[in-house]
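Notes to accompany the following structure.
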Amino acid sequence: MRLDWASLLDLLRSTRRFVLTSHIRPDCDALGSELGLAAGLEAFSTIDGVERHVRIVNAQATPASLACLDPARRIESLEQGVTAADLADREMLIVLDTSAVAQLGAMAEVAASMRERVLVIDHHVSEDDISDRWFKDTAAEATTRIVSEILMRLRVPLTPEITTPLFAGLATDTGWFRFPNATAETFRVAARLVDGGASPTQIYKDLFEQETLARLHLVGRTLAGATASHDGKVIVSCVTQEDFKATGAIRSDTEDLVNQTLTVKGTQLAAIAIEQADGTVKASFRSRCDIDCSRLAGTFGGGGHKAAAGATLQGPFEKAFAAVNGAVDEAWRHYAASAGAMS
């Protein structure tokens, strides 16, 4: 952990013009952290009387399935016309929910140009040379949890604009509070966010009860093609560009697919390989045993947590998928052998 609360709060208090960013293919924790922190920093201005201006700029546009988190449409993106020159007046770039330059996409160039003004706020284990200023808590279940604590220490009055995206990030990064990373403190944080106006019922409805027929077809096609090994303890699945074409599904429809295979009784390790439109392959790993997914992903230049991690591989798809299969198989064999030796 790298937690220097006094320095962090002083830094935020003394800065006036922020730009917030996160990783490509942003999820609820990434977007929720950005939106919650942006609204919180602006609300803090009402406390100390110092005007602050916050922009949120990602490399990629917000996925349509997560647009409900940003009803005011305040999140901007480089692919929608924002340029690095437009951000030259920013005093600080805060990178949220990632510690890897490669995951910033085109925003990596902006981060490089602002190197001395970059602050990273994250909960992932893996990291690279993205900044000299870090605020990390790898024990935190979500970056939105860290942001919630920042705003609490700044004594920012909570509003639905702040709490709704923060609750969404906290809930989804804990599997709606069913993953092992959900602790008693997780629920205390969630309760404070609900007290501040977050509606779990509405958030769940907006995120998970807006399915399209195309996504349902993609889910069915993907699960039908999933393969199990090692007596059903390992499941690997994939999504190809042909699957997208056949179902009419879009990239964001693959969200949470890998977690669905973990619902199969006895599954301890799961992986999915998703072919992207640009020919790269996104791999996601999930573990319910002592296999470290961040190490698995690290073999492909990725990272994340022990229980959940991801990486991007170069195509062609068949070669990348074979590499993912091989890495998962090797990881399980090593784990099984170690467990056998200890028994």
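One residue alone among Thr46, Thr62 is surrounded by fewer than 17 Cβ atoms within 10 Å (Cβ to Cβ), assigned by TED's automatic domain parsing to the domain that holds Gly175 and either without any contact (Cβ under 8 Å) to a residue 60 or more places away in the chain or not in a strand (DSSP E or B) (or both), and that residue is Thr46.
Of the residues making up the stretch 255-282, those that are in contact with a strand residue (DSSP E or B) (Cβ under 7 Å, 6 or more places away or on another chain) and over 20 Å from Phe179 (Cα atoms) are Ala273, Ile274, Glu275, Gln276, Thr280, Val281, Lys282. Return the pair list, or none, for Cβ contacts closer than 8 Å from residues in the stretch 8-22 that are under 26 Å from Val82 (Cα atoms) and at pLDDT 95 or above to residues that are acidic (Asp, Glu) and crowded, with 22+ Cβ neighbours inside 10 Å, at least 6 apart or on different chains. Close Cβ pairs satisfying both conditions: Leu20/Glu34; Thr21/Glu34; Ser22/Glu34; Ser22/Asp97. Among residues of the stretch 65-116 being of a type in the set (Asp, Glu) and assigned to a helix (DSSP H, G or I), the one that is farthest from Ser131 (Cα to Cα) is Glu79.
The set of residues from the stretch 191-222 being assigned to a helix (DSSP H, G or I) and small (Gly, Ala, Ser) comprises Ala191, Ala214, Gly220. Considering only residues in the stretch 1-43 that are outside any helix (DSSP H, G or I) and among the basic types (Lys, Arg), the one that is farthest from Ser284 (Cα to Cα) turns out to be Arg16. Within the stretch 320-339, the set of residues being of a type in the set (Ser, Thr, Tyr) and either outside the structural domain of Ile272 (by TED's automatic domain parsing) or without any contact (Cβ under 8 Å) to a residue 24 or more places away in the chain (or both) comprises Ser338 only. The residue that is surrounded by the fewest Cβ atoms within 10 Å (Cβ to Cβ), counting only those in the stretch 145-175 that are farther than 17 Å from Ala308 by Cα and β-branched (Val, Ile, Thr), is Thr159.
The values are calculated or read from the model by the stated rules, or taken from the named source; none is laboratory data. In this text, all values refer to a predicted model and were calculated from it rather than measured experimentally. Heads up, the Cβs are rebuilt from the backbone with ideal geometry, glycines too, and the neighbour counts pull from every protein chain shown.
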